[in-house]
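The values are calculated or read from the model by the stated rules, or taken from the named source; none is laboratory data. Note that the coordinates shown come from a computational prediction; the quantities given were computed from them, not determined experimentally. We place every Cβ from the backbone using ideal geometry, glycine too, and count neighbours over all the protein chains shown. Ligands, DNA and RNA are excluded from the accessible area calculation, which covers all protein heavy atoms including side chains. Shrake-Rupley method; radii C 1.70, N 1.55, O 1.52, S 1.80 Å.
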Amino acid sequence: MAPRHLSLPDSAALAAGADARLCAPSAERNAEPILAELARRAPARGRVLEIASGTGQHAACFAAALPGLEWQPSDANPAALASISAWVEAAGLPNLRPPILLDAAEPGWGRRHAGFDLILAVNLLHLISGTEARHVLEGIGAALVPGGLAMIYGPFRRDGALTSEGDRRFDAALRAQDPEIGYKDTAEVARWASDAGLAPEDRVEMPANNLVLAFRRPV
């Protein structure tokens, strides 16, 4: 997947210090509620793959709060790796790995990156096409160990409907930039997950009209 150059609320992420760390306001806002769900659902120990880590803020925050988990950040955009690496270095955590270049919208990626107990994707599916989103779910299904958990956070259509004016404006703005992207429907995401061998576990309401969709690979 070639990185899309989209105009987003966080397109101009701010420097977080004298090094290469960038800070996205949305990642600051949603870190606490996402961490609460992770703390409730994640295994006490295991390997975590974070897809589309972006600035790297979440990786540093979540790895610090969940020291029993070995956290592997990743991103499809080579330019993002500098900020993620700077967050990793600044955190200095033994359970936080250097980032890897990983395009989770590429077919077959999950077979090359297998053995994870938890996979987290934050604010990704609405920024890629339906075909790419299916590849993300297929890869997650292949990369998780039996019993492993997938958590997908972001804005979604709810059973065919956009449920707030803010969602309608944002979805329209995304589709105006690229008609292939935009909000994915919860029903189609559940179908893609099922096709990937994942069973639905929960659908959690989050702040700002976002959701966490949780799926598990059966044992």
Discussion item. When you check residue 195 against the structure, is it open to solvent by 70 Å² or more (accessible area, probe 1.4 Å), among the acidic types (Asp, Glu) and at pLDDT below 95, yes or no?
Written reply: no
Worksheet item: Does residue 92 qualify as being on the phi > 0 side of the Ramachandran plot, without any contact (Cβ under 8 Å) to a residue 60 or more places away in the chain and either small (Gly, Ala, Ser) or open to solvent by less than 30 Å² (accessible area, probe 1.4 Å) (or both)?
Response: yes
Practice prompt. Run residue 150 past the list (1) surrounded by fewer than 19 Cβ atoms within 10 Å (Cβ to Cβ); (2) assigned to a strand (DSSP E or B); (3) out of contact with any Gly (no Cβ under 7 Å at 6 or more places or on another chain) and report the number of the one that doesn't hold.
Written response: (1)
Fill in: Extreme residue, farthest from residue 42 (Cα to Cα), among residues of the stretch 203-215 that are touching a residue at least 24 places away in the same chain (Cβ under 8 Å) and surrounded by fewer than 14 Cβ atoms within 10 Å (Cβ to Cβ)
208
Worksheet entry | Odd one out for residue 127 among (1) closer than 20 Å to residue 53 by Cα; (2) open to solvent by less than 30 Å² (accessible area, probe 1.4 Å) | (2)
Practice prompt. Go through (1) surrounded by 13 or more Cβ atoms within 10 Å (Cβ to Cβ); (2) at negative phi; (3) not charged (D, E, K, R) one by one and return the number of the condition residue 218 breaks.
Written response: (1)
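Tell me which residues, restricted to the stretch 153-189, are acidic (Asp, Glu) and surrounded by fewer than 20 Cβ atoms within 10 Å (Cβ to Cβ). Write out each step before concluding.
First, the residues of the stretch 153-189 that are acidic (Asp, Glu): 159, 165, 167, 171, 178, 180, 185, 188.
Result: 159, 165, 171, 178, 180, 185, 188.
May I ask you to say which residue of 52, 80 is touching a Ser or Thr at 6+ places or on another chain (Cβ under 9 Å), modelled with pLDDT under 95 and over 14 Å from residue 97 (Cβ atoms)? Explain how you work it out, then say what you get.
Values: 52 fails: modelled with pLDDT under 95.
One residue alone meets the criteria, 80.
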Discussion item. Can you tell me how many residues within the stretch 55-77 are open to solvent by 30 Å² or more (accessible area, probe 1.4 Å) and either at pLDDT below 95 or closer than 17 Å to residue 125 by Cβ (or both)?
Written reply: 1
Discussion item. Just to check your reading of the model, which residue among 39, 2 is at pLDDT 90 or above and among the small types (Gly, Ala, Ser)?
Written reply: 39
Discussion item. Looking at the stretch 102-115, can you tell me whether even one residue there is within 21 Å of residue 37 (Cβ to Cβ), at pLDDT 95 or above, within 15 Å of the chain's Cα centre (by Cα) and not in a strand (DSSP E or B)?
Written reply: yes
